[in-house]
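The values are calculated or read from the model by the stated rules, or taken from the named source; none is laboratory data. From a predicted model like this one, the values you see are computed outputs, not experimental measurements. Positions of Cβ are generated from backbone atoms using ideal geometry, with glycine treated the same way; all protein chains shown enter the neighbour counts. Remember, those area values only see protein heavy atoms, side chains included, never the ligands or the DNA or RNA. Shrake-Rupley method; radii C 1.70, N 1.55, O 1.52, S 1.80 Å.
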Amino acid sequence: MKRIPFVVLFAILLSVSYGQENRSLFPDGFHIGVTGEGNLAQRMTVVAIGQNWPAPLSDPTLGWQAGLEFSYHFAKYFGVSIGLDYGTEAQWKLWRWDGDGYMPIGPANARIAFNAFQIPIKAEFHYPILQSNFFFYGALGVNLINVRESILSKIIGENLFSWHVFSGGHDPTSPYKHYLEELDGDKVRADLQLNLGFYYKLPYNDLIRFSILANYSFKDTFHGEYTFLLVDNAYGAYSYRHNHIGFELAYVHCFKKKAKKTSK
């Protein structure tokens with residue numbers, strides 16, 4: 001009877017050791033991937049200063065981002081990556097009150113979006129889930145925007161890359177005037193990004209990654225103002241910050257590593 005606890009302990013240790021040896025290993029080395037992202041940005045902030053007319057309304061708005069990712073993975077659990085992406089850097093919907101209801105400011109669907117080149121740089125952690133081909137994935141990093149615009153502005157010596165949005169105010173009978181301007185379009189902006197999700201390792205060693213993404217911008221991207229010209233004391237201000245959440249899907253090709261030579 002005294003031998004039973006030792007036998008059970010030996011069986012548990014053997015099982016754990018077997019599981020560790022046979023769990024799926026993450027492919028280390030250099031990888032290249034294709035990424036795609038759909039996101040939902042927070043609504044624009046509208047501050048009514050004059051109170052004699054209903055202020056414009058803003059809705060959360062859909063955006064996107066896609067590109068290439070170059071990464072290096074090491075020590076079984078860690079990796080670093082840099083991307084070359086193109087996608088939405090600002091997006092919003094605005095509606096104004098015309099006396100009978102709300103109508104869009106700008107396009108018929110009220111959506112305005114601006115696209116730009118972006119460079120996400122991240123450090124990641126991945127860990128096998130049980131003994132499967134799934135791996136937990138977490139990443140933290142920054143998304144750099146306006147890198148190209150900053151370099152060209154310094155070469156030219158002038159800022160030619162800030163967006164401006166005008167609407168209304170074309171003649172004395174126009175009911176409203178609406179104006180928005182991008183802040184520091186010639187300077188690099190760094191947004192904080194967090195990813196949580198999982199990898200799946202395919203039979204031929206490539207990877208598919210799915211994750212939920214959160215982007216936090218440290219400062220406003222656009223400022224603006226509105227005025228209802230036919231009403232006294234009916235005006236206010238806008239501000240937009242590119243905070244959003246999204247879903248990312250990536251296909252990652254893993255280059256085969258050369259086998260190490262061993263000596264007898």
**OP:** Go through region 36-46 and count every residue that is crowded, with 21+ Cβ neighbours inside 10 Å and out of contact with any His (no Cβ under 8 Å at 6 or more places or on another chain).
**Re:** 2
**OP:** Can you tell me which residue within region 124-165, out of those that are among the small types (Gly, Ala, Ser) and farther than 23 Å from His31 by Cβ, is farthest from the chain's Cα centre (by Cα)?
**Re:** Gly157
Original post:
When only residues in region 210-252 that are under 15 Å from the mean Cα position of the chain (by Cα) and free of Cβ contacts under 8 Å to residues at least 60 places away in the same chain count, which is surrounded by the most Cβ atoms within 10 Å (Cβ to Cβ)?
Top reply: Ser217
Subject >> region 131-150 residues that are in contact (Cβ under 8 Å) with a residue 12 or more places away in the chain, paired with ones that are of a type in the set (Lys, Arg) and open to solvent by less than 40 Å² (accessible area, probe 1.4 Å) (beta carbon under 7 Å, 6 or more apart) >> reply: Gln131/Arg23; Asn133/Lys201; Tyr137/Arg209; Ala139/Lys122; Leu140/Lys122; Gly141/Lys122; Ile145/Arg189; Asn146/Arg189
**OP:** Would you check if there is a residue in region 164-175 being modelled with pLDDT under 95, closer than 24 Å to Met44 by Cα and of a type in the set (A, V, I, L, M, F, W, C)?
**Re:** yes
Original post:
If you go through region 166-180 one residue at a time, do you hit one that is touching a residue at least 12 places away in the same chain (Cβ under 8 Å) and within 19 Å of the chain's Cα centre (by Cα)?
Top reply: no
**OP:** Among the residues of region 159-209, count how many are farther than 18 Å from Phe117 by Cβ, assigned to a loop (DSSP other than H, G, I, E, B) and open to solvent by 20 Å² or more (accessible area, probe 1.4 Å).
**Re:** 11
Original post:
What pairs come up if the first residue lies in region 37-58 and is at positive phi and part of a loop (DSSP other than H, G, I, E, B), the second is surrounded by fewer than 16 Cβ atoms within 10 Å (Cβ to Cβ) and among the aromatic types (Phe, Trp, Tyr), and their beta carbons are under 7 Å apart, counting only those six or more places apart or on different chains?
Top reply: none
Original post:
Do you know which residues across region 42-76 are modelled with pLDDT under 95 and aromatic (Phe, Trp, Tyr)?
Top reply: Trp53, Phe74
Original post:
Could we say that Asp100 is at pLDDT below 95, within 19 Å of Tyr251 (Cα to Cα) and surrounded by fewer than 18 Cβ atoms within 10 Å (Cβ to Cβ) here?
Top reply: no
Original post:
Quick one: how many residues across region 84-129 are in contact with a Leu (Cβ under 8 Å, 6 or more places away or on another chain) and among the β-branched types (Val, Ile, Thr)?
Top reply: 4
Subject >> Tally, over region 59-90, of residues that are among the acidic types (Asp, Glu) and either more than 25 Å from Tyr240 (Cα to Cα) or free of Cβ contacts under 8 Å to residues at least 40 places away in the same chain (or both) >> reply: 1
**OP:** For region 194-203, indicate whether the set of residues that are in contact with a Phe, Trp or Tyr (Cβ under 9 Å, 6 or more places away or on another chain), of a type outside the set (A, V, I, L, M) and free of Cβ contacts under 8 Å to residues at least 60 places away in the same chain is non-empty.
**Re:** no
